[in-house]
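> Got a structure for you, questions after.
The values are calculated or read from the model by the stated rules, or taken from the named source; none is laboratory data. Just so we're clear, the structure is a prediction, and the values are computed from it rather than from any experiment. Here the Cβ is made from the backbone with ideal geometry for all residues, glycine too, and neighbour counts use every protein chain on show. Note: areas computed on protein heavy atoms with side chains; ligands, DNA, RNA excluded. Shrake-Rupley method; radii C 1.70, N 1.55, O 1.52, S 1.80 Å.
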Amino acid sequence: MKETFYSNGKLLITGEYLVLDGAKAFALPTKFGQDLVVENGSNQEILWKSYNFDDHLWFEDTITFSEIINNVAAKSETVKTTLTNILHEAYLLNPDFINNSEGYKISTHLTFPKNWGLGTSSTLLNNVAQWTKIDAFTLLKNSFGGSGYDIACAQNNTPIIYRLEQNLPIVEKVEFNPEFTKNIFFVYLNKKQSSKIAIKAYYNNKNENLAENIQDNNKITRAILEAKTLNEFAHFVEKHEIHLSNILELKTIKEIAFPDFNGVVKSLGAWGGDFVMAISKENPKEYFTSQGYETILTYDEMILQ
């Protein structure tokens with residue numbers, strides 16, 4: 001028997017960092033994602049293979065059922081130990097997939113390059129949760145942690161407003177289909193960097209005016225969502241970027257990398273991360289290519305709608 005599960009990738013447009021403390025975050029599921037294909041196996045073990053978007057095998061290993069059940073603490077973190085930990089947490093929530101099986105052959109397939117940062121982990125978590133019949137948000141909480149907006153994107157095919165209320169996820173499906181989406185582009189920075197500095201600054205400063213900052217975030221998020229014109233949208237996106245720049249005590253990505261760009265550039269998700277959103281009256285492809293950025297996607301190419 002063969003079962004296939006699929007989850008969407010994600011982009012966080014507003015509410016970075018503050019979403020952890022109950023702020024509203026506007027997030028968009030992407031046309032890119034990851035599947036998980038499960039077949040019967042043997043020997044009380046899982047033969048696991050993970051493929052990148054180009055069918056290149058990037059991970060292959062065998063995980064025994066006893067490794068999943070016992071989850072012995074590893075000396076160093078590897079892809080296998082991370083995967084074993086996820087499966088162990090799934091086992092604790094519902095042991096049936098181990099107790100009632102002889103073994104599995106599992107393969108995962110990304111539809112985007114792994115280094116794009118569109119949710120390799122969140123799509124995997126949500127697929128494992130679907131397969132093992134458990135709650136994906138609980139699995140996230142027990143393994144990686146995080147706000148869970150990425151899990152909400154994995155499960156929804158429309159734009160969402162996401163927030164935590166008493167640590168429980170609240171997902172509101174919203175409409176976002178203005179005609180100026182043709183002026184929205186996503187540029188891949190190819191700069192994997194740790195978001196630890198931003199997170200540290202956030203936690204150092206967060207208790208100063210936290211309620212006020214959340215309120216401001218929610219107002220700007222609503223204004224972004226309800227913007228009727230390109231100028232209005234660009235204005236509020238820029239306002240959001242400056243608001244967060246002040247909280248994190250970091251320069252905006254436009255100040256750092258694109259000061260001469262004729263338009264707005266906004267960080268997405270963890271600051272210094274993978275993609276930025278560019279808003280421009282003209283197609284900005286030439287500008288970004290001249291700066292050495294090769295991967296520029298239109299809104300239509302990137303976002304599920």
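> Using protein chains only and a probe of 1.4 angstrom, how many square angstrom of His243 are accessible, to the nearest 10?
30 Å²
> Under a plain spin-label model, where a point goes 7 Å from the Cα along Cα-to-Cβ, how far apart in nm are Ile242 and Asp55?
The two pseudo-label positions are separated by 5.1 nm.
> In terms of Cα to Cα distance under 18 Å, which lysines are near enough to Lys200, apart from those fewer than 8 places away along the same chain?
Leaving aside lysines fewer than 8 places away in the same chain, those within reach of Lys200 are Lys192, Lys251.
> Measure nothing but the geometry: give the 0 to 90° angle between the long axis through the Cα atoms of 79-93 and the longest principal axis through the Cα atoms of the chain, rounded to 10°.
Tilt relative to the chain: about 80 degrees.
> How many Å³ per residue does the convex hull of the Cα positions in segment 194-296 occupy? It would help to have the intermediate numbers written out before the result.
Numbers: hull volume 10.0 nm³, N = 103.
Value for segment 194-296: 97 Å³ per residue.
> A follow-up question, please. Can you find, among Leu118, Ala211, His56, the residue farthest towards the positive end of the dipole of the chain? Put +1 on the C-beta of Lys and Arg, -1 on that of Asp and Glu.
The one lying farthest along the dipole's positive direction is Ala211.
> Greater than 32 Å separation of Cα atoms is the criterion. Which listed pairs, Lys10/Lys254; Lys173/Lys206; Lys2/Lys191, meet it?
Values: Lys10/Lys254 22 Å; Lys173/Lys206 28 Å; Lys2/Lys191 38 Å.
Table pairs above 32 Å Cα-Cα are Lys2/Lys191.
> Apply the Karplus curve 6.51 cos²θ - 1.76 cosθ + 1.60, θ = phi - 60°, to the phi angles in segment 223-238 and return the couplings in whole Hz, x for Gly and Pro.
5, 4, 5, 9, 4, 9, 10, 4, 4, 5, 4, 4, 4, 6, 5, 5
> Going down the list Lys228/Lys285; Lys75/Lys266; Lys49/Lys239, which pairs span over 32 Å between their C-alpha atoms? Before the final figure, lay out each step's value.
Working: Lys228/Lys285 25 Å; Lys75/Lys266 38 Å; Lys49/Lys239 44 Å.
Cα-Cα > 32 Å for Lys75/Lys266; Lys49/Lys239; rest within.
> Return one number: the angle in degrees, 0 to 90 and rounded to the nearest 10, between the long axis of the Cα atoms of helix 120-132 and the longest principal axis of the Cα atoms of the chain.
40 degrees
> From largest accessible area down, sort Ile69, Ile86, Ile134; use a 1.4 Å probe on the protein chains. Before the final figure, lay out the partial values.
On the way: Ile69 60, Ile86 0, Ile134 30 Å².
The residues order as Ile69, Ile134, Ile86, largest area first.
> Continuing with the same structure: Can you check what the net charge comes to around Leu93, using other residues whose Cβ is under 14 Å from the Cβ of Leu93 (Lys, Arg +1; Asp, Glu -1)? Before the final figure, lay out the partial values.
Values: positive: Lys133, Lys141; negative: Glu89, Asp96, Asp135.
Residues near Leu93 contribute -1 overall.
> So how much accessible area does Glu238 have, in Å² to the nearest 10, using a 1.4 Å probe?
Per-residue accessible area (Glu238): approximately 80 Å².
> Output the 0 to 90 degree angle, nearest 10, between the alpha-carbon long axis of helix 196-205 and the longest principal axis computed from the alpha carbons of the chain.
The angle comes out near 60 degrees.
> Would you kindly compute the Cα radius of gyration of segment 153-227 and its largest Cα-Cα separation (Dmax), both in Å?
Looking at segment 153-227, its Cα Rg and Dmax stand at 15.7, 40 Å.
> Here's something else I'd like to know. If I compute solvent accessible area with a 1.4 Å probe over the protein chains, what percent of it on segment 210-263 is carbon and sulfur?
Details: 1490 of 2910 Å².
With neighbouring chains kept in place, the figure for segment 210-263 is 51 percent.
> Whenever you get a sec, compute what percent of the accessible area on segment 22-100 sits on carbon and sulfur atoms (1.4 Å probe). Kindly include the intermediate steps, with their values, before the conclusion.
Details: 1800 of 3910 Å².
Whole-percent figure for carbon plus sulfur exposure: 46.
> Evaluate the distance, in nm, between pseudo-label points positioned 7 Å from the Cα of Glu249 and of Phe261 along their respective Cα→Cβ axes.
2.6 nm
> Measuring from label point to label point, each 7 Å out along Cα→Cβ, what is the Asn43 to Lys31 span in nm?
Going from the Asn43 label point to the Lys31 one covers 4.1 nm.
> (1) 24.0, 68; (2) 17.9, 55; (3) 20.2, 61: which one is Rg and Dmax of the Cα atoms in Å as calculated from this entry?
Of the listed options (1) 24.0, 68; (2) 17.9, 55; (3) 20.2, 61, (3) comes from this structure.
> Right, next: Subtract the Cα-Cα distance of Ile199 and Met1 from 0.36 nm times their separation in residues, and report this length gain in nm to one decimal.
Working: separation 198, 0.36 × 198 = 71.28 nm, distance 4.43 nm.
Extra length available between Ile199 and Met1 comes to 66.9 nm.
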